[in-house]
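Read the structure below first, then the notes.
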Amino acid sequence: MEQLQDAIIVGGGPAGLSAALILGRARKHVLIIDEELPRNRVTQESHGFLTRDGITPADFRQIAREQISRYPTVQFATDTVIGANGSDGQFEVVTSQGHTYTSKKILFTVGMKDRPLAISGLQEVYGKSAFVCPYCDGWELRDQKLALIVSGATALHLAKTVSGWTSHFTICTNGMNDWTAEEHEELINHQISIIDSPIQHIHSASGIVEHIQFEDGHSLLCTGIFFTPELVTGSDVPQMLGCESADTGMIIVDEFGKTNIPGVYSAGDSASRKYQVVAAAASGSMAGISINSELLEEAWQYNVSKSST
Ligand SMILES: Cc1cc2nc3c(=O)[nH]c(=O)nc-3n(C[C@H](O)[C@H](O)[C@H](O)COP(=O)(O)OP(=O)(O)OC[C@H]3O[C@@H](n4cnc5c(N)ncnc54)[C@H](O)[C@@H]3O)c2cc1C
């Protein structure tokens with residue numbers, strides 16, 4: 001059994017690393033356990049984080065780790081957390097490599113994961129010319145001919161958003177007809193073309209989309225795609241500990257990252273639907289501050305009770 005940590009951080013993406021930086025600078029003993037499978041690992045450039053626009057996700061993490069390594073009370077382990085138990089002040093965390101670690105607090109920054117992509121040819125272009133968020137990659141696809149693989153109310157929302165970057169796009173519902181008559185009419189009124197046929201295959205070369213072939217024989221020339229993948233929570237260990245979550249799998253937290261279980265926190269994509277690096281980092285920092293405040297308060301109270309006995 002390893003030494004009792006002040007906090008274990010499960011997940012070393014922007015949220016977990018930001019929390020570690022705060023806690024390391026606050027002289028807390030912290031272990032970050034990360035299996036190193038972030039959701040954005042497919043993308044070549046990450047955008048929108050001031051001073052780091054266009055950086056690769058791997059470089060972002062490496063710079064973060066280098067900076068955090070200046071604080072000697074922070075340690076890293078490459079491993080997967082598969083279980084956790086205990087209560088505030090004494091948690092036990094078990095990993096797939098057979099290690100058991102203990103800590104006073106736990107922070108889950110486990111992100112979200114994509115369900116396997118069901119469309120033939122999509123995996124080959126994901127992160128290269130097919131993306132999920134116009135704010136992340138819309139600039140790179142500006143004025144291009146795009147396919148939006150989406151249906152229902154989400155199609156309307158995505159069409160409005162993407163129209164800020166290009167007016168050349170077609171909605172491909174991939175055979176899903178789950179919108180209301182009003183939503184459908186609104187798209188038609190805006191002269192947005194819609195292809196309802198299921199997609200047979202996305203053709204590409206070196207990761208760049210060339211055309212989409214549909215089951216009904218049609219094909220669509222385009223150079224980029226936006227789509228909405230189905231997401232699942234990065235890990236079910238928070239739920240094992242009793243953390244409440246929404247239908248989407250998102251862990252429910254307060255503004256400081258506290259879950260319903262005392263001593264257990266969550267931040268980043270696993271606890272919000274903002275899905276931006278800067279938002280994940282901000283919530284991780286806030287959770288780090290909150291954990292530190294709680295630890296300081298507990299130590300403060302303990303010292304009073306000790307001196308009065
Ligand atoms: C294709 C794509 C492109 C994107 N581009 C951008 C962009 O340009 N700009 C932007 O702001 N955002 C972008 N995003 C969103 C961004 O990636 C996320 O918002 C951000 O990474 C969330 O950070 P996080 O720390 O919450 O989670 P993550 O970065 O996903 O990190 C979670 C970490 O926890 C680890 N983990 C999970 N479970 C366990 C476990 N049980 N044990 C140990 N470790 C575990 C994972 O392996 C992972 O390393 C993009 C997303 C995608 C999918």
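The values are calculated or read from the model by the stated rules, or taken from the named source; none is laboratory data. As the structure is a prediction and not an experimental result, all values here were calculated from the model. All Cβ positions, glycine included, derive from the backbone under ideal geometry; neighbour counts span all protein chains shown.
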**Message:** Can you say whether Ser305 is assigned to a helix (DSSP H, G or I) and more than 17 Å from Gly24 (Cβ to Cβ), as far as the supplied structure shows?
**Reply:** yes
Note on Pro57: of the conditions (1) more than 19 Å from Val94 (Cβ to Cβ); (2) at pLDDT below 95, unmet is (2)
Of the conditions (1) surrounded by fewer than 18 Cβ atoms within 10 Å (Cβ to Cβ); (2) in contact (Cβ under 8 Å) with a residue 24 or more places away in the chain, the single one that Met112 does not satisfy is (1)
Inset, instruction - May I ask you to verify whether Asp178 is more than 21 Å from Leu122 (Cα to Cα), at pLDDT below 95, part of a loop (DSSP other than H, G, I, E, B) and assigned by TED's automatic domain parsing to the domain that holds Leu220? - result: yes
The condition from (1) in the same structural domain as Glu294 (by TED's automatic domain parsing); (2) exposed (fewer than 13 other Cβ atoms within 10 Å of the Cβ) that Asn189 misses is numbered (1)
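Would you say Ile63 is surrounded by 17 or more Cβ atoms within 10 Å (Cβ to Cβ) and either outside any loop (DSSP other than H, G, I, E, B) or without any contact (Cβ under 8 Å) to a residue 12 or more places away in the chain (or both)?
Working: surrounded by 17 or more Cβ atoms within 10 Å (Cβ to Cβ): no; either outside any loop (DSSP other than H, G, I, E, B) or without any contact (Cβ under 8 Å) to a residue 12 or more places away in the chain (or both): yes.
In short, no.
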Of Gly83, Gly13, the only residue that is among the small types (Gly, Ala, Ser), within 10 Å of the ligand (Cβ to nearest atom) and surrounded by fewer than 17 Cβ atoms within 10 Å (Cβ to Cβ) is Gly83
Has region 254-264 got any residue that is part of a strand (DSSP E or B), outside the structural domain of Trp139 (by TED's automatic domain parsing) and at negative phi?
-> yes
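Looking at this structure, is Phe227 among the hydrophobic types (A, V, I, L, M, F, W, C) and over 30 Å from Asp247 (Cα atoms)? Please lay out each step first, then the result.
Details: among the hydrophobic types (A, V, I, L, M, F, W, C): yes; over 30 Å from Asp247 (Cα atoms): no.
In short, no.
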Filtering region 126-158 down to residues that are more than 21 Å from the chain's Cα centre (by Cα), buried (at least 21 other Cβ atoms within 10 Å of the Cβ) and among the small types (Gly, Ala, Ser) yields Ala147, Ser151, Ala155
Ser290 fails exactly one of (1) closer than 30 Å to Pro116 by Cα; (2) modelled with pLDDT of 95 or more; (3) not aromatic (Phe, Trp, Tyr), namely (1)
Note: among Ala267, Ala299, just one is surrounded by fewer than 19 Cβ atoms within 10 Å (Cβ to Cβ) and hydrophobic (A, V, I, L, M, F, W, C), namely Ala299
Exercise. What do you reckon, is Glu2 touching a Phe, Trp or Tyr at 6+ places or on another chain (Cβ under 9 Å), more than 11 Å from the ligand (Cβ to nearest atom) and without any contact (Cβ under 8 Å) to a residue 12 or more places away in the chain?
Worked result: no
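One residue is enough: does region 74-95 have a residue meeting the conditions in contact with a Cys (Cβ under 8 Å, 6 or more places away or on another chain) and in a loop (DSSP other than H, G, I, E, B)?
Going through region 74-95, the residues in contact with a Cys (Cβ under 8 Å, 6 or more places away or on another chain) turn out to be none.
No, every residue in region 74-95 fails to be in contact with a Cys (Cβ under 8 Å, 6 or more places away or on another chain) and in a loop (DSSP other than H, G, I, E, B).
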Taking region 222-253 and keeping only residues that are part of a loop (DSSP other than H, G, I, E, B), in contact with a Ser or Thr (Cβ under 8 Å, 6 or more places away or on another chain) and more than 10 Å from the ligand (Cβ to nearest atom), one is left with Cys222, Thr223, Thr228, Cys243, Glu244, Gly249, Met250, Ile252, Val253
Just one listed residue, out of Ala26, Ala64, Ala15, is among the hydrophobic types (A, V, I, L, M, F, W, C) and closer than 22 Å to Gln90 by Cα, and it is Ala26
